[in-house]
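Worksheet: the structure to be examined is printed underneath.
The values are calculated or read from the model by the stated rules, or taken from the named source; none is laboratory data. Predicted model, so just to flag it, every value in this text is computed and none were measured. Note: ideal-geometry Cβ built from the backbone for every residue, glycine included; neighbour counts use all protein chains shown. We work out accessible area using only protein heavy atoms, side chains counted, and drop any ligands, DNA or RNA first. Shrake-Rupley method; radii C 1.70, N 1.55, O 1.52, S 1.80 Å.
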Amino acid sequence: MSVFTADTGHEQVVFCSDQASGLRAIIAIYSTALGPALGGTRFYPYASEADAIHDALDLSKGMAYKNALAGLDHGGGKAVIWGDPRTDKTEPLLRAYGRFVESLNGRYYTACDVGTYVADMDVIARESRFVTGRSPEHGGAGDSSVLTAYGVFQGMRAAASYRWGVDTLAGKRVGIAGVGKVGRHLVEHLLDDGAAVVIADVNTAAVEAIQAKHAQVEAVAPDALVVTPMDVYAPCALGGALDDETVPVLQAEIVCGAANNQLAHAGMDKDVADRGILYAPDYVVNSGGVIQVADEIEGFVFDRAKHRATGIYDTTLQILRLADDEGVTPAVAADRLAERRMADVGRLRTIHLPR
Ligand SMILES: NC(=O)c1ccc[n+]([C@@H]2O[C@H](COP(=O)([O-])OP(=O)(O)OC[C@H]3O[C@@H](n4cnc5c(N)ncnc54)[C@H](O)[C@@H]3O)[C@@H](O)[C@H]2O)c1
């Protein structure tokens, strides 16, 4: 597929090159219907330029949908820097990238993603005003996993309410795949709520750290979690957790977790539904992080951001009910709701305002 001929629906795709610093980046803006595009910068050693372009296009579209359902006044964008962050990340490269972000004059706000950290945002911000997800020393909100986990917990309560008629996980068994930054905070919310928790992680130190604090948390091998009897499965590691191998054997009534892109391929949502499993769409329940960085643009207020992340409960419930009403899977219902907000609110820009 060529980006020049494919109708991807993007508003703007910017190729950024600075030979001296080695910068090769692509900034993709899917939509500014709801406001300036917002989405992180991924620094990744793609196998090819085409792979980098595809990732930027896919991720920016995903951000438009996520931001729309998070109720933000932001469209969707994402950038990728093509290179190895361990060897290619230098001050001149990040600052060159920052100048390209600045050149868009606020159509795109950047933040952290895979391969970039708050310290990198501070460097990029030396060249651009349109950077969020910064360090606390620079007015940033810090670690976004706190509100991401809180939001996932709200989504899980909503799914429980829809499925079992009670908005608590008390007495239920929840399996968490991946107890990194988000997963470990989710453990705390679930234990506080009275759930039994079983965890799995390829990093045994992460598992041990949780069990040292909470002896009642069980652990199983990563491959064993999906076949472990549980009420809720929470993928909090990598994408593609729901695939042709896991879905047929999954022992859970609800899937609700933080990982991005949990459905391994198109149609997977239907396979999940056919097994009677309720899927809370990933990009809806994991939007606490982007809610945090969006709040930071205004000057971070934790309680205000937390209040907005609490809204993930209502949005998740609305989507599950819409899926029922319209006879579609929750993943399709989420997309429809996002598209409606982008169309209905985006349309308001046609009401002329004098400048
Ligand atoms: N951090 C955020 O604010 C945020 C926001 C939205 C979405 N997410 C998504 O949530 C997921 C978790 O994010 P994080 O910040 O906690 O990442 P992290 O890297 O801190 O944690 C991921 C954990 O998963 C473990 N893991 C990797 N492969 C595994 C496997 N096959 N089985 C079990 N465990 C495995 C890792 O060892 C690690 O402990 C990611 O998919 C991320 O994209 C994170």
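Net charge dipole, the chain: roughly 900 debye, given to the nearest 20, about the Cα centre with Cβ charges of +1 for Lys and Arg and -1 for Asp and Glu. Per atom type, the range 19-58 shows carbon and sulfur on 48% of its accessible surface, probed at 1.4 Å. Ordering Thr316, Pro354, Met63 by Cα displacement along the dipole of the chain toward the positive end leaves Pro354 in first place; charges were set at the Cβ atoms of Lys, Arg (+1) and Asp, Glu (-1).
Take each complete run of DSSP H in the chain, measure how far its Cα atoms stretch along the helix's own axis, and keep only those covering 24 Å or more with mean Kyte-Doolittle hydropathy at least -0.5; list them. The qualifying helices are 49-69, 145-164. Note on surface exposure: Asp143, Asp269 rank Asp143, Asp269 by accessible area, highest first, 1.4 Å probe.
Full extension of the segment from His352 to Asp143, taken as 0.36 nm per residue of separation minus the current Cα-Cα distance, would add 71.3 nm. Neighbours of Glu91 by Cβ distance under 14 Å: Lys/Arg scored +1, Asp/Glu scored -1, total -1. May I ask you to list the lysines whose Cα is less than 29 Å away from that of Lys172, ignoring any residue fewer than eight positions away on the same chain? Within the straight-line limit of under 29 Å, Lys172 reaches these lysines: Lys66, Lys181, Lys213, Lys270, Lys306. Within the listed set Glu137, Glu296, Glu208, the residue fluctuating most in the Gaussian network model of the chain (springs between alpha-carbon atoms under 10 angstrom) is Glu137.
Split the accessible area of the range 125-246 by element, probe 1.4 Å, and carbon with sulfur accounts for 51%.
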